[in-house]
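Values in this text are rule-based calculations from the coordinates and carry no lab data. Nothing here was measured: the structure is a model prediction, and the numbers come from that model. Glycine also receives a Cβ, built like all others from the backbone with ideal geometry; neighbour counts cover every protein chain displayed.
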Amino acid sequence: MHIMDGALSQEVIIIGSACAVAGLGWGLYKLGTDQHGLEKIPAAAVLSATFFVASLIHVPIGVSSVHLIMNGLAGLVLGAVAFPALFVGLLLQAVFFGFGGVTVLGINLMNIALPAVLVGMAFRPLILKASPKKAAFLGGVAGALAIALTTLCVALCLLLSGEAFFVAAQLVFVSHIPVMVIEGLVSAAALYLICKVKPELLQTVSHGKTVQTPLNNLGLKS
Amino acid sequence: MYLTFSLRIMVFISLIFAFILSLPVPSAFAHKVIASAFTSGEILEGEVGFSNGDVAQDILVEVFDPDGEKIGEARTDAEGFFTFRPTLPVKHLFKADLGAGHIANFSMSKDDILRVLAKQQASSSKASPVQGHSEAREEASAPENRPAPVHVLARDGRAQAAIPPELQDMLETAVRNEIRPLRREITAYKEKNDLQAILGGIGYIFGLFGLGFYLMARQKMKALRS
């Protein structure tokens with residue numbers, strides 16, 4: 001899943017890094033301006049650590065193996081704050097395990113965090129209104145979708161760097177189908193638990209004072 | 001009722017995790033590429049593979065000089081090994097593209113290349129003594145390149161026996177063959193992620209977020225006070 005140093009052309013790396021800096025800035029800005037930003041930090045730390053460790057859980061496929069990512073859950077719970085949270089996880093993975101690399105940190109962050117944030121935006125309003133069982137189902141779909149989008153982003157990066165898109169996309173997508181299934185199940189279980197035990201974890205701004213609207217569910221200021 | 005349901009889900013998930021973890025997964029990672037090159041008498045030998053032990057079969061390895069000029073190429077065999085015969089006395093940079101974003105970059109220093117070239121020269125001058133005159137002079141100007149007989153030193157420092165170059169080559173080949181599996185094991189060991197690294201990483205994460213928490217809380221307190 002992680003793209004390595006030297007695999008991509010320079011233009012792709014520069015554009016990816018610029019986007020990643022923008023995403024990081026956006027995430028930190030949201031965290032700073034959010035009324036309950038302080039309470040988001042422990043959740044962000046836990047999800048960052050989850051992402052960091054999930055990469056060590058391997059799903060064997062033939063002679064090769066792929067690992068879990070858990071970006072969908074981060075996007076659902078954290079919204080834009082997933083950018084800084086996943087950035088920390090990625091940086092430490094590069095330093096400790098040699099996954100990816102420092103020069104491609106930006107690209108990897110975009111590939112992993114952008115689908116997370118998009119999935120979070122699309123599914124969080126639906127999940128907030130749903131019953132726990134339905135929320136679990138939606139969470140599962142969101143978790144699987146985040147992986148699917150990530151594989152497409154990776155394939156797109158490879159395409160822009162000169163590799164044949166269809167071959168690369170097929171390879172990355174097909175090899176991650178088991179990951180999608182497992183992450184879907186894990187995300188569904190997590191969402192079920194969150195809805196039962198601590199539903200306020202999913203809400204960004206509203207905490208009684210602010211009125212719950214679809215707008216601030218999206219993490220936008222109303 | 002609901003509690004038991006969520007409990008059941010938790011048990012189910014942990015069973016899945018246990019199942020995944022119990023599968024015979026190689027300890028390292030498929031998406032990390034390892035590659036290395038080493039001298040092997042008159043040629044260079046190299047190995048390209050994935051860090052979980054998978055070899056990279058039939059992969060093109062391109063060789064460049066430090067200026068980025070391509071000076072040759074090689075192909076890996078069924079075991080991920082390749083050989084390359086250097087001709088230029090410069091640092092060699094190797095690049096292998098394994099597809100899907102997997103790139104291996106590795107190099108061999110000029111000193112090692114010079115040693116290999118000296119061996120080549122020695123054996124070619126042995127093979128054709130007619131053209132040996134000029135080469136002999138060259139060798140004399142670069143005495144460190146000559147494969148002089150190796151003197152085995154006894155404890156007191158006196159030379160005891162001289163090993164002829166042929167035997168030296170045989171010894172080197174034998175030692176190389178013997179340490180090859182060892183080298184693989186060391187590479188695999190280097191790739192291993194132990195619990196220390198994992199716990200250390202988690203510690204860093206919590207520490208970093210704790211710092212962020214502290215800074216944000218301090219800001220809030222300041223805002224409250226003023």
Rounded to a whole number, the mean other protein chain Cβ count within 10 angstrom for residues of A:36-49 is 4
So the angle from the long Cα axis of helix A:132-160 to the longest Cα principal axis of chain A, reported in degrees to the nearest 10, equals 30
When A:133, B:190 are arranged by how many other beta-carbons sit within 10 Å of their Cβ, fewest first, they go B:190, A:133
Too long for a 19 Å Cα-Cα cut-off, among A:40/A:133; B:70/B:95; A:30/B:220; A:40/A:198; A:40/A:134, are A:40/A:133; A:40/A:134
Expected sort for A:195, A:19, A:157 with the fewest Cβ neighbours (10 Å cutoff) up front is A:19, A:195, A:157
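Fewest Cβ neighbours within 10 Å first, please rank B:94, A:83 accordingly. Mind dumping the intermediate values first?
On the way: B:94 23, A:83 29.
Lowest count first: B:94, A:83.
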Longest principal axis of chain A (C-alpha) makes with the long axis of helix A:165-175 (C-alpha) an angle, in degrees to the nearest 10, of 60
Quick calc: nm separation of the 7 Å Cα→Cβ label points for residue A:200 and residue B:184 -> 5.8
Restricting to Cα pairs under 8 Å and 6 or more apart, the percent relative contact order of the range A:10-217 works out to 23
Within 10 Å of the Cβ of an average residue in B:204-214, the count of other chain Cβ atoms is 6
Taking the alpha-carbon centre of each part, the distance from the range B:58-119 to the range A:182-203 in Å is 50
